[in-house]
Amino acid sequence: MSLKNINPTKTNSWDKLESHFKKIKDLEMKSLFQKDHSRKEKLTLNFDDFSIDYSKNRITDETLKYLLELANESELKDAIDKYFNGDIINVTENRAVLHTALRNQDSNTIIVGGSDIMPEINQTLLKIENFTNEVVDGKFKGYSNKAFTDIVNIGIGGSDLGPRMVVESLKYYKNHLNTHFVSNIDGDHVSEILKTLNPETTLFVIVSKTFTTQETLTNAETIKKWFLSPEFDTSEKDIASNFVAVSTNIEKVKSFGIAEDNIFTMWNWVGGRYSLWSAVGLTISLSIGYKNFKSFLKGAFDMDEHFKYTSFDKNIPVVLALISIWYNNFFNTESEVVIPYSQYLEKLAPFLQQLSMESNGKSVDRNGKKVSYQTGNIIWGNTGSNVQHAFMQLVHQGTKLIPVDFIGFEESLYGNMDHHQKLMANFYAQSEALFSGKTEEEVHLNMKFQGDANKINHLLPFKVFEGNKPSNTFLIKKLTPKNLGALIAMYEHKTFVQGVVWNIYSFDQFGVELGKELANQFLTK
């Protein structure tokens, strides 16, 4: 069964939220803390190594009550059940949506098209494990019988951005293999990477579900041509030793020269931006080892269980999604900033851009009608404290209201306490600064103490911060494969909840295809 078609603006809860918004839209968050000294404790959710403080938001108990009513009126529980049970909820492509099955740690069966898909998933995981161990241990070697030193992932979109983000994020856990990514069809991009490689010790992983993606196949053919150049004394048969593929198109992969044993399968019920949990994550496994990859899957599974079984008022993805809807559809904020206080997570914001904007960038509802309300958020961000010297000026003193997710870690990985204490001081300070701001009186007093009394009249308005800017604070014990898996799954489920409430289909991406079609037309002219 597909998802139900429920226009959120026609629900009773939406009407309540509209009336409620008019009453509290100018509410000062400070007053909420003054009235309730336990607000922070009440509005903090805990899950394993995670603590999520959402108290610095322009919400009251009444706001949350109506938002939860909206979730219920949108039949969210029914949608979650269908999401995990393999129902055809990607209706426009007639597919189930089961990336969650790829990290399923239970022995439960999951039926798609009348068959249990778990045996094939487990078989693929075993193949990833065996292959990873053989490459890392130097048993699976290149054409000249030398162990691999480098891995090159060739893909684009979900076949690149997800694995790249995870590999970068978990660099601390990497083994001796050097990992590279080729995605852009820009020839300079692939040339820069190739000039650093030795073909004898480089393993190429081509990731393309159909093995027809223009960018990926163009890069793959360029690399193949380089690999077969006379200076390396290689032949077509050597491709089988140095190239593997993740694809469903077995025949096209074999015609490229890749051995059938070195083809890892994919399934049509896994969307590209959700595919890093599948064999698309082979490069992740090769980079950090299968044990860490398995832990990464376990973290996502634990978040799946939390999402499935936790009541909505304590459910992290649900609460985050509803607050996001509150800002998007009532405050008309349109965008959200994600700021991780870890340089390892530099690629997280671009990954979340694809996850959210490709999923919920839709203007037609599940009835095929034009929507009359805002859907998909614009996601952007970068790492702290770099952003404090860049775009945070806009967030603090600009004319736009921009909700922020701050993500921090209690422990650093290398244990440099001096650096980490300063980093986390900035983490807490930014959230507090957005919340508190700085009044004219405070600025006036500060300038007097600093001996700038003669400049007060001139500079005072420029140094005032209105504050009352919303943020969520995510404090995670440590950046581990398991915790990263949970963090990604949390944002996946948040995106899903938003799509359910907005009454749109989140799992197709026809907007991605249009540019490709036109590009092909230009090439044939």
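Across the stretch 202-223, what is the number of residues that are surrounded by fewer than 18 Cβ atoms within 10 Å (Cβ to Cβ) and in contact (Cβ under 8 Å) with a residue 24 or more places away in the chain?
Residues flagged as surrounded by fewer than 18 Cβ atoms within 10 Å (Cβ to Cβ) and in contact (Cβ under 8 Å) with a residue 24 or more places away in the chain within the stretch 202-223 amount to 5.
On the given criteria, is T383 touching a helix residue (DSSP H, G or I) at 6+ places or on another chain (Cβ under 6 Å), buried (at least 21 other Cβ atoms within 10 Å of the Cβ) and polar (S, T, N, Q)? Steps first, please.
Values: touching a helix residue (DSSP H, G or I) at 6+ places or on another chain (Cβ under 6 Å): yes; buried (at least 21 other Cβ atoms within 10 Å of the Cβ): no; polar (S, T, N, Q): yes.
Taking the combined requirement at face value, the residue does not satisfy it.
Might you let me know whether the stretch 124-135 holds any residue that is within 25 Å of the chain's Cα centre (by Cα) and part of a strand (DSSP E or B)? Write out each step before concluding.
Looking only at the stretch 124-135, we keep the residues that are within 25 Å of the chain's Cα centre (by Cα), and these are 124-125, 128-129, 132.
Now drop any that are not part of a strand (DSSP E or B), which leaves none.
So far as the stretch 124-135 goes, no, none of its residues is within 25 Å of the chain's Cα centre (by Cα) and part of a strand (DSSP E or B).
Tell me, which residue of the stretch 250-271 that is surrounded by 15 or more Cβ atoms within 10 Å (Cβ to Cβ) and of a type in the set (A, V, I, L, M) is nearest to the chain's Cα centre (by Cα)?
Within the stretch 250-271, the match that is nearest to the chain's Cα centre (by Cα) is V270.
Is it the case that E411 is part of a helix (DSSP H, G or I), among the acidic types (D, E) and in contact (Cβ under 8 Å) with a residue 60 or more places away in the chain? Steps first, answer last, please.
Numbers: part of a helix (DSSP H, G or I): no; among the acidic types (D, E): yes; in contact (Cβ under 8 Å) with a residue 60 or more places away in the chain: yes.
Criteria not met by E411.
Please go through the stretch 333-365 and give me each residue that is assigned to a loop (DSSP other than H, G, I, E, B), under 17 Å from A321 (Cβ atoms) and of a type outside the set (G, A, S), ordered by number.
Within the stretch 333-365, T333, E334, K362 qualify.
Go through (1) over 19 Å from A279 (Cβ atoms); (2) more than 24 Å from the chain's Cα centre (by Cα); (3) touching a residue at least 40 places away in the same chain (Cβ under 8 Å) one by one and return the number of the condition K195 breaks.
All conditions are met except number (3).
If we scan the stretch 479-499, do we find a residue that is in a helix (DSSP H, G or I), farther than 21 Å from Y327 by Cβ and not assigned by TED's automatic domain parsing to the domain that holds S74?
no
Identify the single condition in (1) part of a strand (DSSP E or B); (2) of a type outside the set (G, A, S); (3) within 23 Å of K25 (Cβ to Cβ) that F435 does not satisfy, given that it satisfies every other one.
(1)
Restricting to the stretch 21-40, name every residue that is touching a helix residue (DSSP H, G or I) at 6+ places or on another chain (Cβ under 8 Å), assigned to a loop (DSSP other than H, G, I, E, B) and more than 14 Å from W326 (Cα to Cα).
As a first pass, look at the stretch 21-40 and keep what is touching a helix residue (DSSP H, G or I) at 6+ places or on another chain (Cβ under 8 Å): 21, 24-25, 29-30, 32-33, 36, 39-40.
Then drop every residue that is not assigned to a loop (DSSP other than H, G, I, E, B), which leaves 25, 36.
The one that is touching a helix residue (DSSP H, G or I) at 6+ places or on another chain (Cβ under 8 Å), assigned to a loop (DSSP other than H, G, I, E, B) and more than 14 Å from W326 (Cα to Cα): D36.
Only one of (1) in contact (Cβ under 8 Å) with a residue 40 or more places away in the chain; (2) part of a helix (DSSP H, G or I); (3) of a type outside the set (V, I, T) is not met by E251, so which one is it?
(1)
Residue by residue through the stretch 32-45, note down the ones that are farther than 23 Å from N329 by Cα and surrounded by 14 or more Cβ atoms within 10 Å (Cβ to Cβ).
Of the residues in the stretch 32-45, the ones farther than 23 Å from N329 by Cα are 33-42, 44-45.
F33, D36, R39, K40, T44, L45, listed by residue number.
Can you name the residue in the stretch 481-505 that is over 15 Å from the mean Cα position of the chain (by Cα) and of a type in the set (F, W, Y) and is also surrounded by the fewest Cβ atoms within 10 Å (Cβ to Cβ) among such residues?
Y505
Show the residue pairs meeting these rules: Cβ distance below 8 Å; 6+ apart or different chains; first residue within the stretch 12-31 and surrounded by 15 or more Cβ atoms within 10 Å (Cβ to Cβ); second residue modelled with pLDDT under 95 and not in a helix (DSSP H, G or I).
Once the first residue is surrounded by 15 or more Cβ atoms within 10 Å (Cβ to Cβ) and sits in the stretch 12-31, no partner that is modelled with pLDDT under 95 and not in a helix (DSSP H, G or I) comes close enough.
Failed condition for T60, given (1) farther than 24 Å from S159 by Cβ; (2) in contact with a Gly (Cβ under 6 Å, 6 or more places away or on another chain), with all others met?
For T60, the failing item is (2).
Can you name the residue in the stretch 90-116 that is in a loop (DSSP other than H, G, I, E, B) and either within 25 Å of the chain's Cα centre (by Cα) or charged (D, E, K, R) (or both) and is also surrounded by the fewest Cβ atoms within 10 Å (Cβ to Cβ) among such residues?
Ranking the candidates gives N94 first.
Could you identify the single residue in D78, D87, D61 that is closer than 24 Å to K362 by Cβ, in the same structural domain as Y327 (by TED's automatic domain parsing) and surrounded by fewer than 16 Cβ atoms within 10 Å (Cβ to Cβ)?
D78
Here is a check on your reading of the model: is L459 more than 26 Å from the chain's Cα centre (by Cα) and either at pLDDT below 75 or in the same structural domain as A79 (by TED's automatic domain parsing) (or both)?
Judged against the criteria, L459 is not a match.
Search the stretch 161-173 for residues that are part of a helix (DSSP H, G or I) and pair each with any residue that is small (G, A, S) when their beta-carbon atoms are under 7 Å apart and the residues are at least 6 apart or on different chains.
G162/S275; P163/G281; V167/S287
For the list (1) farther than 30 Å from F232 by Cα; (2) surrounded by 13 or more Cβ atoms within 10 Å (Cβ to Cβ); (3) acidic (D, E), I need the number of the one condition that D160 fails.
Only one criterion in (1) farther than 30 Å from F232 by Cα; (2) surrounded by 13 or more Cβ atoms within 10 Å (Cβ to Cβ); (3) acidic (D, E) is unmet by D160, namely (1).
Just one of D304, D313 is of a type in the set (D, E), part of a helix (DSSP H, G or I) and over 18 Å from the mean Cα position of the chain (by Cα); which is it?
Only one candidate passes the filter, namely D313.
Within the bounds of the stretch 137-157, is there any residue that is assigned to a helix (DSSP H, G or I), in contact with a Ser or Thr (Cβ under 8 Å, 6 or more places away or on another chain) and of a type in the set (A, V, I, L, M, F, W, C)?
No, the stretch 137-157 contains no residue that is assigned to a helix (DSSP H, G or I), in contact with a Ser or Thr (Cβ under 8 Å, 6 or more places away or on another chain) and of a type in the set (A, V, I, L, M, F, W, C).
Can you tell me which residue among S342, S359, S372 is of a type in the set (G, A, S), over 19 Å from P403 (Cβ atoms), buried (at least 17 other Cβ atoms within 10 Å of the Cβ) and in contact (Cβ under 8 Å) with a residue 24 or more places away in the chain?
Values: S359 fails: over 19 Å from P403 (Cβ atoms); S372 fails: buried (at least 17 other Cβ atoms within 10 Å of the Cβ).
None of the other options fit; the residue is S342.
Show the residue pairs that are 6+ apart or on different chains and have beta-carbon atoms under 7 Å apart, the first residue being within the stretch 299-310 and within 11 Å of F47 (Cβ to Cβ) and not assigned by TED's automatic domain parsing to the domain that holds F496, the second being at pLDDT 95 or above and basic (K, R).
G299/K482
The values are calculated or read from the model by the stated rules, or taken from the named source; none is laboratory data. Keep in mind the model is a prediction, meaning the values are calculated, not measured. Glycine also receives a Cβ, built like all others from the backbone with ideal geometry; neighbour counts cover every protein chain displayed.
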